[in-house]
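One structure is given here, and the rest of the page talks about it.
Rule-based calculations on the coordinates, nothing more; no lab input. The model shown is predicted, which means the values in this text are computed figures rather than measured ones. Methodologically, a virtual Cβ is constructed for each residue, glycine included, from the backbone with ideal geometry; neighbour enumeration extends over all protein chains shown.
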Amino acid sequence: MDRRDVVQAVIDQRHGRTYLEIGVKKGKLFLRVRARKKLAVDPVLKISLKRRAGAWLRDPYNLFNEYYEMTSDEFFERRRQRLERLPGLDVVFVDGLHTHEQSWKDVANSLRHLSPKGVILMHDCSPASAAQATPAGSRQEAAERREVPRAGCWSGDVWKTIVRLRIERDDLRIGVLDCDHGIGVIVRGEPGRRLRLSPSELERMGYEDLAANRRELLNLMAPERLAEWLSRPAAG
Ligand SMILES: C[S@@+](CC[C@H](N)C(=O)[O-])C[C@H]1O[C@@H](n2cnc3c(N)ncnc32)[C@H](O)[C@@H]1O
């Protein structure tokens, strides 16, 4: 399963109508997702007209897409009224700036506009190497600091947002699918087993801690469990 399979499976399972993608780049995922109303947010949108036209032909709902060329913070601040006019976001895919701080804010802002049945998915939650997990303010900075392959993956420390949610939130159920660099799944409900760590312990954690305790810290699960996990509100 890759992120496209996961996003579509969640939209279909929830009978979702509204989809927000934070961090869209060329629209590789965004344009292929099937949903009635899709919103794209990225400060540097790289979707060519040719790609957009191809997407219109493939799925006419793409004609109604809304594109916001701005950061996610600007989007949530400046487009609040637009968001409030929607019936709520059913599925959000968080894949913007790969830092703990920004992914935390993206999740918090998404939660404010999430429909009751809504699901937040977050990419890059289970990096496979220390290089991939390099904490930095941008991909370029990460590449300068460490051996992050130029065209390869940079996941940063987004994983810390999952750990922090599992420490702090008693109203959210959180897991990470073990596929496509780790896809976090966040829904409202009983959290199951929470993590007992202090803010300073979390602050001090590095990739080695994640690697040594990945399953426990992320509540890592096989992607095949997704449907069953989503349909059981109280499961951990
Ligand atoms: C890994 S790419 C997204 C890939 C896309 N989701 C897909 O699956 O095809 C990350 C994107 O996040 C965007 N980005 C960086 N900072 C951002 C921010 N503050 N808010 C929203 N998007 C941001 C970058 O411009 C880049 O296009």
Q.
Give me the net charge for the shell around residue 226: Cβ to Cβ below 14 angstrom, other residues only, Lys and Arg +1, Asp and Glu -1.
A. -1
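Lys and Arg at +1, Asp and Glu at -1: add these up for the other residues within a Cβ distance under 10 Å of residue 67 and post the number.
-1
May I ask you to derive the relative contact order of the chain, considering only C-alpha pairs under 8 Å and at least 6 residues apart, and to give it as an integer percent? Walk me through the numbers before you get to the answer.
Working: 426 pairs, mean separation 39.0, N = 236.
With pairs under 8 Å counted, the relative contact order is 17 percent.
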(Q) Can you tell me which aspartates and glutamates have their Cα less than 12 Å from the Cα of residue 25? Leave out same-chain residues fewer than eight positions away. (A) 42, 69, 95
Q: Could you tally the net charge around residue 12, taking each other residue with its Cβ under 13 Å from the Cβ of residue 12, Lys/Arg +1 and Asp/Glu -1?
A: +4
Q) Among 90, 5, what is the fewest-to-most ranking by other Cβ atoms within 10 Å? A) 5, 90
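What number, rounded to the nearest 500 deg cm²/dmol, is the helix-based mean residue ellipticity at 222 nm of the chain, given -39500 (n - 2.57) per DSSP H run of at least four residues and division by all its residues?
Computed mean residue ellipticity for the chain: -10000 deg cm²/dmol.
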Q | Vicinal HN-Hα couplings computed from phi for segment 109-126 (Karplus, 6.51 cos²θ - 1.76 cosθ + 1.60; Hz; Gly/Pro x) | A | 5, 5, 4, 5, 10, 6, 5, x, 8, x, 9, 9, 10, 9, 7, 6, 8, 9
Q) Which residue, 178, 209, 95, tops the fluctuation ranking in a GNM of the chain built on C-alpha contacts under 10 Å? A) 209
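Among 104, 56, which comes first, then next, by fewest other beta-carbon atoms within 10 Å? Intermediate results must be reported in sequence, preceding the final value.
Details: 104 18, 56 14.
Ordered from fewest to most neighbouring Cβ atoms within 10 Å, 104, 56 come out as 56, 104.
Dividing the Cα radius of gyration by the Kirkwood radius, what Rg/Rh value follows for segment 3-230?
Numbers: Rg = 17.0 Å, Rh = 17.9 Å.
Using only Cα positions, Rg/Rh for segment 3-230 is 0.95.
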